[in-house]
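This report refers to the structure that appears directly beneath it.
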């Protein structure tokens, strides 16, 4: 009997989980394209390049889509069973809610393990591919597009204008081309009555085959610079002008430049970099001591100071003491010089410590970022388990299936989880909280809520039942000393 129930609950969960996971992933990917739409539209991206970016970004968004899919699917599964009174029948047969949840909990633990492997091995590669490709696309030029009646200066050192275009989109009329490659302004102009635009098969060059035109050029006589600029006018019946379009092609940046970022590393690589950062930070006090040593006459603890005073007393029997400050032992002529020397030393020490202080801040910031990413590799797996422990009892309590109430409640809990995670991560990276506390803050806050919901579900709580609130309201009205119209 229990084996059949285990198979039943797993089958009931798998379908909604697959649907909700891919729907959530699709929504997140569309949100990404909406965010970067203005920077990607109009750049002539090929279908394969768009598919590549879509696949890489889909992989990087799995850590957000997977927990939400598990939460929504678990609420829907247990809500459908509660709505159809299947949970009531199962409890009546002597099977507890925890025993009924056990097969799904084991399944979610397995999904969490696979999520860890995916987060540790696949996502760093996907981040590398996605961010490098996105960088190339964002920095590429828009496609070359000539509109009739407007000057186009997308090609470097050229300004091109066509009066009109033919119906085929290739024939052009009343062409003006300003050539500024000489660096002296518009000293080279081409006018043509008609022409045709065509590109080479590899899209590397654009060719203007012009007809019935004139070329106007200005230039100094190279043999005698004292002469004024000479104007040259040449007529042509046919002439081909070639433009280089290589600048409009997407250039692929070397991925090695991005591999040093913490988002592109797995757990072992992050651990090595964290160890190296800790060793570098430990060496910083020694470096600071070497910087300030030439400017500090004495620095030590109380015992070392007493030993030094005794040695000075032995060497100088007439060692004098002072009550308030050291300047009492100095002549008036030396005090001003001592103050200037001390002020100069303080300035030098400050200038010597500025760079180590700046470097230490950068090292600490990088250390917290790498350590936060190390914890992130683990939080995804625990997030899957946590949101299942919240979603399963919630579904048993609300007893509603479909995408109505379960979707609203799932979104509310996921928003709380996500906002708490973001706040904790920012506090951890800013150094306000220890990194482990910030990265696990959302889990620590929601885990007691999960146990409370499980306890309420075991006791058949009616927290989300409208009838329960109605009965409580009428009971409260009966306790009032005056009569109401509801009686």
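Quick rundown of the values:
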| read-out | value |
| --- | --- |
| Test: residue 427 is at pLDDT 85 or above, closer than 30 Å to residue 360 by Cβ and not in a helix (DSSP H, G or I) | no |
| So residue 372, is it surrounded by 15 or more Cβ atoms within 10 Å (Cβ to Cβ) and within 17 Å of residue 70 (Cα to Cα) | no |
| Count of the range 65-102 residues which are over 20 Å from residue 459 (Cβ atoms) and buried (at least 18 other Cβ atoms within 10 Å of the Cβ) | 12 |
| Some residue of the range 70-84 being within 27 Å of residue 267 (Cα to Cα) and part of a helix (DSSP H, G or I) | yes |
| Qualifying positions in the range 256-313 - outside any helix (DSSP H, G or I), modelled with pLDDT under 70 and farther than 16 Å from residue 353 by Cβ | 258, 297, 298, 300, 301 |
| Residues that are within 14 Å of residue 263 (Cα to Cα) and in contact with a helix residue (DSSP H, G or I) (Cβ under 6 Å, 6 or more places away or on another chain), drawn from the range 101-121 | 119, 120 |
| Any hit, the range 385-403, residues being surrounded by fewer than 18 Cβ atoms within 10 Å (Cβ to Cβ), in contact with a helix residue (DSSP H, G or I) (Cβ under 8 Å, 6 or more places away or on another chain), farther than 18 Å from residue 15 by Cα and outside the structural domain of residue 290 (by TED's automatic domain parsing) | no |
| Leading residue by the ranking (farthest from residue 369 (Cα to Cα)) among those in the range 419-434 that are crowded, with 16+ Cβ neighbours inside 10 Å and under 18 Å from the mean Cα position of the chain (by Cα) | 420 |
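The values are calculated or read from the model by the stated rules, or taken from the named source; none is laboratory data. Given the structure is predicted, the values throughout are model-derived calculations rather than measurements. Virtual Cβ from ideal backbone geometry, glycine too; neighbours counted across all protein chains shown.
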